[in-house]
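Beneath this line is the structure, given in structure tokens, with notes to follow.
The values are calculated or read from the model by the stated rules, or taken from the named source; none is laboratory data. This is a predicted model, so every value here is computed, not measured. All Cβ positions, glycine included, derive from the backbone under ideal geometry; neighbour counts span all protein chains shown.
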Amino acid sequence: MCGNHQNKGYKFGPTTGSIATATALSSLKMLTEDKKTEIVQIKTPKEKLDIFIDSVKKESDNKAVSSAHKYPYDDPDVTVNIEIYATVELVDKSSYKIDYANPLIDKEDNVVINGGCGVGKVTKNGLQIPIGEYAINPVPRKMIKENLKEHVPENKLAIVTINIPEGEKIAKRTMNPRIGIEGGISILGTTGIARSMSTKAYKDSLLIPLNVAIAEKYDDLIYVPGNIGEKIANRILDIHPDQVIQTTNFVGYMFEEAEKRNITRLTLVGHIGKLVKLAGGIFNTKHSIADGRREIFAAHTGICGGSTKLIQEVYKSKTTEEIIDLLKKDKLDVVVLNSISDAIKERVKDRFDIDLNVIIVNMKGEILNTNYTKELLKKEFV
């Protein structure tokens, strides 16, 4: 398989881990074979890849640096086209001090991996790499070692340093800042091949902030549908930002994963337009999957004593904001929203062993229901 994907439209491409591996191997071969190579073949957990190398330079008799870019493929990946450099320095094994207490280093290794500029460092628990280490994940680390070890001369160590000049800038557009990876991007990949993000991969990414929050030992976790809910939760609740976990449309999946992690209570904060679906047992809130918002509102309006005329008006409404305005005119907004909140709690309790606190808000961040636990609220919102 050849990695020269110069144009969009491809469904796959090399991971940052594969590019880092290829540039490291290119640099090592420059030292051991004294020749530049335009294409380097690497072994990944799945297959062999041919990676095009942009530049190779020998800086001294025992040091070389190579670069390559992450080829475009059909996915909104912010690391596409990013340039990755690997410097390899050969040193005498007897004179280089190795910290074998580091869990990332094995006594049999003849390859030591470091990060440089643009590679993030881990600052929080719950990730695959220990605190204080560079965010080069286990599979890329293994790939680099496996591809280089047979080319390292006897009694030598290959010291590999990965640098990504644009890494710190690009990291601001990733999840890294919120999960405690600072100073750059991560070197990722589990197969060596990046594909257009699947539903599974997307769901897996949602679990990272949840795992970090649990590892940081936060007791009160806050689920929100997305960015709007996250901003509102951080504004009205007396919490640390790490306590807030986005569920996106996969609310049921995130409740299931919380239950697996022995979480027995959660606070759910979100706009009524998303949360109302849960009252109808809709745990994937994507519009194309299911809606039912006006039907749920109409049912609860009737349950709470709304007139036939009001129920009909609610059912014909186009937006939840319009529905709230109709309910306010009949002074039924709070009682209906409390009824919906109770229904959400019941639906969650029916499926998961989780006690749920529900805070329903509008786009302004105003709380619409009253039957919620107020212990997490900031004083000005109590």
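Working only within region 12-37, note down all residues that are surrounded by fewer than 22 Cβ atoms within 10 Å (Cβ to Cβ) and within 27 Å of the chain's Cα centre (by Cα).
Once the filter is applied, which keeps residues that are surrounded by fewer than 22 Cβ atoms within 10 Å (Cβ to Cβ) and within 27 Å of the chain's Cα centre (by Cα), region 12-37 yields only 12.
Could you give every pair whose Cβ atoms fall below 6 Å, whose first residue belongs to region 25-36 and is polar (S, T, N, Q), and whose second residue is in a helix (DSSP H, G or I) and surrounded by 15 or more Cβ atoms within 10 Å (Cβ to Cβ), counting only separations of at least 6 or pairs across chains?
32/151
Step by step: first the residues of region 154-206, then only those that are within 18 Å of residue 69 (Cα to Cα) and among the charged types (D, E, K, R), then the one that is surrounded by the fewest Cβ atoms within 10 Å (Cβ to Cβ). Which residue is that?
It comes out as 169.
The rows are residues; the columns are (1) free of Cβ contacts under 8 Å to residues at least 60 places away in the same chain; (2) surrounded by 14 or more Cβ atoms within 10 Å (Cβ to Cβ).
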residue: 41; (1), (2): yes, yes
residue: 49; (1), (2): no, yes
residue: 54; (1), (2): yes, yes
residue: 58; (1), (2): yes, yes
residue: 68; (1), (2): yes, yes
residue: 79; (1), (2): no, yes
residue: 95; (1), (2): yes, no
residue: 107; (1), (2): yes, no
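Please work out which one of (1) assigned to a helix (DSSP H, G or I); (2) of a type in the set (A, V, I, L, M); (3) within 25 Å of residue 377 (Cβ to Cβ) is the condition residue 268 fails and give its number.
Of (1) assigned to a helix (DSSP H, G or I); (2) of a type in the set (A, V, I, L, M); (3) within 25 Å of residue 377 (Cβ to Cβ), only one is false for residue 268: (1).
For region 277-294, how many residues meet the condition of being within 15 Å of residue 343 (Cα to Cα), in a loop (DSSP other than H, G, I, E, B) and in contact (Cβ under 8 Å) with a residue 12 or more places away in the chain?
Looking only at that region, the number is 5.
Might you check whether a residue that is within 14 Å of residue 302 (Cα to Cα) and not in a helix (DSSP H, G or I) occurs anywhere in region 320-331? Please lay out each step first, then the result.
Step one: list which residues in region 320-331 are within 14 Å of residue 302 (Cα to Cα), which gives 323, 326-327, 330-331.
With not in a helix (DSSP H, G or I) added as a condition, the list becomes 330-331.
Scanning region 320-331, I find at least one residue that is within 14 Å of residue 302 (Cα to Cα) and not in a helix (DSSP H, G or I), so the answer is yes.
Output the strands (runs of 3 or more DSSP E) that fall wholly within region 123-225 and possess 1 or more residues being hydroxyl-bearing (Ser, Thr, Tyr), more than 30 Å from residue 50 (Cα to Cα) and not assigned by TED's automatic domain parsing to the domain that holds residue 97, or say none. Reasoning before the result, please.
Details: elements: 156-163, 193-195, 222-224.
Hits in region 123-225: 222-224.
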